[in-house]
Amino acid sequence: MKKQFVVTLFLLLVVLLLAACNAAPGSEPAAPQPTTAVAEPTVAADQPDTAEPENEAADTETCAAPQPGTYQLIDAAHGICFLYPDNYEVFQGDDGSLTLYVDSLQNTEAPLATIHFATLDGRTIQEVVPDYPSDAELAAMSVLSIELGEEMAPVFDTIPGQDTNRRVIAVHDDRVYDLMVARIGEDYGAVGEEAEALFDLITSSWEFIDVVPDAPLQSGSQ
């Protein structure tokens, strides 16, 4: 009986050992591998062009350079430039007209120049400048012509309503330029001589340049 118990116990141990040997060893679960996201190329949305537009500049290469005792005036809005004495001031009217004058207590005795501008727009010059002589009147008058820029322009000393003034009225690229110098002539003595010098300086240095609408007036020592 004792022998059978020992055999049975031995067989039970063998079975337990075999079961232990056949069992698969446990394994740790594999750690998840980190995934590297592939960045998609981003396409930038079209951005509006916010750069400031460049201001169109007038071509002033043909303009006379200022000399001692003179200033340069550039009026690109009307397409002209010229020189004038450096003791003069320049006033621009609401209509774009220019007045050159001496700023002093005696400015009423000094020469004065004005420039008015207009466009023909299919009209005759007589319609634009009411006191401009007709073709018949011009033919009967002894009118001097001078070159203003690249245009030949008549010089008027005695048109109706004119009082010791001198006017030059030129047409260029459908634009009318009406230059008047006041207090000119022998009756004004030294002032008249200054007016002659003012007239000669402006007309001899006058040049037409490309028109740049709304361009600011440049004058004086700037």
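The values are calculated or read from the model by the stated rules, or taken from the named source; none is laboratory data. None of the values given here were measured: they were computed from a predicted structure. Heads up, the Cβs are rebuilt from the backbone with ideal geometry, glycines too, and the neighbour counts pull from every protein chain shown.
Summary table
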quantity: Selection from the stretch 84-135 of residues that are among the small types (Gly, Ala, Ser) and under 17 Å from Ser219 (Cα atoms); calculated: Gly93, Gly96, Ser97, Ala113
quantity: Some residue of the stretch 175-187 being at negative phi, surrounded by fewer than 18 Cβ atoms within 10 Å (Cβ to Cβ) and not charged (D, E, K, R); calculated: no
quantity: Matching residues, the stretch 141-172, being at pLDDT 85 or above, exposed (fewer than 13 other Cβ atoms within 10 Å of the Cβ) and not in a strand (DSSP E or B); calculated: Glu150
quantity: The stretch 57-106, residues that are outside any strand (DSSP E or B), surrounded by 13 or more Cβ atoms within 10 Å (Cβ to Cβ) and β-branched (Val, Ile, Thr); calculated: Thr60
quantity: Residues that are β-branched (Val, Ile, Thr) and under 26 Å from Asp59 (Cβ atoms), drawn from the stretch 186-208; calculated: Ile202, Thr203
